[in-house]
Ligand code: IPM
Ligand code: MG
């Protein structure tokens, strides 16, 4: 029997509801498979923890997490705690020290889901966005001086290192190579940002020579929004900086039907630290506690976690179950225009797992 230690951090808002649903589904999958077991430990870190203890997670929290094979994460953010506190206190303080430098965001139009784009069907939109996840605009460099005075200044410095850019380019080219179309689009803004982004482009061209079988092109990020919207079928694998990919992945999720569906893997590809899997939607306090959050993004993130753990058959079974459920409009949550609850979708996915005979 293969064992995997999973740290579950549901954190804030609907994060709790969707992670609870995800853990239920994972439990059923493991039983159905019979070959592996997940030993899950739940951590109550997040904004409520912050209100009690003044920190989002305990000082030794990261040390604790090191012992796990993967982290299953919900969402951070609360209406009464500043966003930069919740984000840097938990999510980024796991991603960055654990060197989860490759953030992978697949986007597809699942069966039964309608894209807001006219005449765009499932085969016209099948992307994976690779987000640089350790530096760039999220490096945390900068500061503020002369606070409150008219001459107050603030700097927000984007950091691009040769090592950081090279490894994310290699990761993206490799991922592109593993997909049928072997096609990579490198997103840039080297017309306006003439230092970091120019180096980014140069390194892309260098790394490309290691992958002669991958076709690649370059897009300025502003023009990229138009290409994603008007010519989605011309894209496959996409690599972009931390901030550019953050923005493009919300657009991608919307074009694929809902933010509630989109999954993420924060990978440390060398496996020196645990990787982290989470839906890309936020804590959505407006609907928290109502039992109507869409758990599909969290389920799809579980597929990515299973792949990473080395259980691709269980991951594929879960993906088939997800697609069977999204195909039925009666099982769509309100973000998809339906009336289903988290419970109904979860039960239906569990039933589909049990009925799956492949
Ligand atoms: C994401 C989110 C986060 C980000 C937020 C919660 C700060 O939007 O994962 O895309 O910007 O990285
Ligand atoms: Mg985002």
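Answer yes or no as to whether residue 302 is part of a helix (DSSP H, G or I), assigned by TED's automatic domain parsing to the domain that holds residue 125, at pLDDT 95 or above and within 18 Å of the chain's Cα centre (by Cα). No, not satisfied.
For residue 258, the stated conditions do not hold, so it cannot be described as within 11 Å of ligand 1 (Cβ to nearest atom) and more than 13 Å from the chain's Cα centre (by Cα).
Taking region 1-89 as the region of interest, the helices (runs of 4 or more DSSP H) fully inside it that hold 3 or more residues being at pLDDT 95 or above and within 30 Å of residue 354 (Cα to Cα) are 14-33.
Results for (1) under 19 Å from residue 239 (Cβ atoms); (2) modelled with pLDDT of 95 or more; (3) under 23 Å from the mean Cα position of the chain (by Cα); (4) buried (at least 20 other Cβ atoms within 10 Å of the Cβ), shown as yes or no for each residue.
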position: 132; (1), (2), (3), (4): yes, yes, yes, yes
position: 136; (1), (2), (3), (4): yes, yes, yes, yes
position: 152; (1), (2), (3), (4): no, yes, no, no
position: 159; (1), (2), (3), (4): yes, yes, yes, no
position: 174; (1), (2), (3), (4): yes, yes, yes, no
position: 183; (1), (2), (3), (4): yes, yes, yes, no
position: 187; (1), (2), (3), (4): yes, yes, yes, yes
position: 201; (1), (2), (3), (4): yes, yes, no, no
position: 204; (1), (2), (3), (4): yes, yes, yes, yes
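Taking residues in region 229-253 that are in contact (Cβ under 8 Å) with a residue 40 or more places away in the chain and under 18 Å from residue 118 (Cβ atoms), and partners anywhere that are within 16 Å of ligand 2 (Cβ to nearest atom) and part of a helix (DSSP H, G or I), the pairs with Cβ atoms closer than 8 Å and at least 6 places apart or on different chains are 229/251; 229/255; 232/255; 235/228; 252/228.
Selection within region 280-298: residues that are in contact with a strand residue (DSSP E or B) (Cβ under 6 Å, 6 or more places away or on another chain) and outside any loop (DSSP other than H, G, I, E, B). The member of this set that is nearest to ligand 2 (Cβ to nearest atom) is 297. You will find that of 144, 114, the residue that is out of contact with any helix residue (DSSP H, G or I) (no Cβ under 6 Å at 6 or more places or on another chain) and either within 16 Å of ligand 1 (Cβ to nearest atom) or at pLDDT below 95 (or both) is 114 and no other. Summed over region 118-149, residues that are in a loop (DSSP other than H, G, I, E, B) and farther than 14 Å from residue 247 by Cα total 11.
Mind counting the residues in region 256-265 that are in a strand (DSSP E or B) and within 11 Å of ligand 2 (Cβ to nearest atom)? Final tally of qualifying residues: 1. With respect to residue 332, is the statement that it is surrounded by 22 or more Cβ atoms within 10 Å (Cβ to Cβ) and at pLDDT below 95 true? Taking the combined requirement at face value, the residue does not satisfy it.
When each of 70, 78, 59 is tested for being touching a residue at least 60 places away in the same chain (Cβ under 8 Å) and away from ligand 1 (no atom under 16 Å from the Cβ), the lone residue that passes is 70.
The values are calculated or read from the model by the stated rules, or taken from the named source; none is laboratory data. Computed from a prediction, not measured in an experiment: that's the story for all the values here. Backbone-built Cβ (ideal geometry, glycine too); neighbour counts: all protein chains shown.
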